Amino acid sequence: MSTVYFTAASLDGFLATADHSLDWLLSQQIDPRGPLGYEAFSDGVGAMAMGANTYRWILDHHPWQYTVPAWVFTHREFPPPDGDVRFTADDVAAVHRAMAEAAGDGHVWLVGGGELVGRFADRRLLDEVVVGYAPVTLGSGAQLLPRRLDLELREVARNGAFLCGRYAVRR
């Protein structure tokens, strides 16, 4: 089991615009079955975590499609979707134990945002970062990972318009 931040970012390191939009990302060409693509990654996911803004964006744009247990770190009230979604404001270390147990042999996927992933990194609970960089700059917005981390590049691929990298977190 590993804890993996699998995401996409603009070339200048932002996940979303200041108003939480991902329109810039959805207009880019990528093959979900291609190198470092979503489909191969998602097959190994056993549990997932996300912040409130990510959860809200998913609910506003797509029906809930996930079948693995999901934890949403939030202080807000949300209507639960169909599926195994757990809302928490607890410390990430305490919740990570439950996520790892639920994931079994699968990965714990940290969906985002960057500040939430940073809290996992602060507690030394982040193992890998997999990011696809889109050929667009935003200038501002939600940062990819607002922490200093030392990473080791393990894999590089081109997938459609994206430059993709898989990094191990150095301890």
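Here are the numbers for the structure shown:
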quantity	calculated
Stretch gain in nm, segment H61-D91, where the contour uses 0.36 nm per residue and the Cα spacing is subtracted	8.0 nm
Net dipole in debye of the chain [+1 Lys, Arg Cβ; -1 Asp, Glu Cβ; about Cα centre; nearest 20]	440 debye
For the range 1-58, alpha-carbon Rg relative to the globular expectation (2.2 N^0.38 Å, N residues)	1.23
Within a Gaussian network of the chain (alpha carbon springs, distance under 10 Å), most fluctuating of P35, P63, P146	P63
Two-site FRET efficiency, S21 against D105, from Cβ-Cβ distance with R₀ of 45 Å, rounded to 0.05	0.80
Diffusion coefficient, µm² s⁻¹, Stokes-Einstein with Kirkwood Rh over alpha-carbon pairs of the range 1-146 at 10 °C and 1.306 mPa s	102 µm²/s
Contact order normalised by residue count of the range 19-97, Cα under 8 Å, 6+ apart, percent	22 percent
Amide proton proximity set for W71, modelled H, under 5 Å, gap of 5+	M48, A49, M50, R86
Whole-Å distance, taken between Cα centres, linking the range 9-42 and the range 87-114	22 Å
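Each reported figure results from applying straightforward, stated rules to the coordinates on display, with no laboratory input. Worth saying up front: this structure is predicted, and the values here are computed from it rather than measured. Every residue, glycine among them, receives a Cβ derived from its backbone with ideal geometry; neighbour counts consider all protein chains shown.
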